[in-house]
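The values are calculated or read from the model by the stated rules, or taken from the named source; none is laboratory data. Here the structure is a predicted model, which means the values were calculated and not measured. Ideal geometry is used to build each Cβ from the backbone, glycine not excepted, and the neighbour counts take in all protein chains shown.
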Amino acid sequence: MSDPAPGDPAGRGMGHRLFRDPVLWLATGGGVGWIRGAPGTWGSLIAVPLAVLLRTGGSGVYWVGFGLCVAIGVPLTGLAARRLGLSDPPMVVWDEIAGQLLTLGFAPMGLLNWSVGFLLFRFFDILKPGPIRWIDRKGRNGWGIMADDLAAGLVAGLFLSLFVRIH
């Protein structure tokens with residue numbers, strides 16, 4: 001089985017390469033991004049146990065972890081996109097992980113709060129209203145891949161914090 005041609009979004013032949021290439025393994029959330037049908041949702045789901053783990057260390061640990069996720073994500077997603085030959089590969093889900101972490105940081109840990117946060121992030125990430133869509137269209141490289149998800153995470157987080165206040 002050979003590696004896929006650059007730009008092969010179906011990922012035929014990627015299985016063995018994924019585990020040899022730490023950049024692709026990390027950028028695709030350990031391979032979760034290759035699950036057909038809603039890879040971004042699967043990537044966002046990975047953020048939830050990570051958020052729980054970070055939150056157990058307190059607020060400072062959470063935000064440092066989020067910052068590291070972004071700092072690693074910018075070069076990581078850019079490099080993965082180049083290796084895959086796509087400008088914003090759908091199988092690269094590190095950006096969804098970072099955006100979801102940003103959203104969940106706006107609310108205390110809890111099933112209801114974080115379920116609402118998860119749904120809000122997916123809503124804004126998928127529909128990309130207003131400025132999020134503009135950011136998505138203007139972005140290039142790693143920052144471009146990350147920026148629209150961070151914007152969606154911020155907007156979803158603001159709505160989540162409003163939900164927490166009125167709930």
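Some points to look at:
- Residue under evaluation I145, criteria (1) free of Cβ contacts under 8 Å to residues at least 60 places away in the same chain; (2) surrounded by 20 or more Cβ atoms within 10 Å (Cβ to Cβ); (3) aliphatic (A, V, I, L, M), criterion not met: (1)
- G130 falls short on exactly one of the conditions (1) at pLDDT below 95; (2) under 25 Å from D21 (Cβ atoms); (3) not basic (K, R), and that condition is (2).
- In region 5-25 there is no residue that is modelled with pLDDT of 95 or more, part of a helix (DSSP H, G or I) and under 12 Å from the mean Cα position of the chain (by Cα).
- For region 43-89, a residue qualifies if it is under 21 Å from I126 (Cβ atoms), touching a residue at least 60 places away in the same chain (Cβ under 8 Å) and either surrounded by fewer than 16 Cβ atoms within 10 Å (Cβ to Cβ) or hydroxyl-bearing (S, T, Y) (or both), and the qualifying residues are S44, T77.
- The helices (runs of 4 or more DSSP H) found entirely in region 59-167 that carry 1 or more residues being more than 14 Å from the chain's Cα centre (by Cα) are 59-84, 111-127, 131-138, 141-166.
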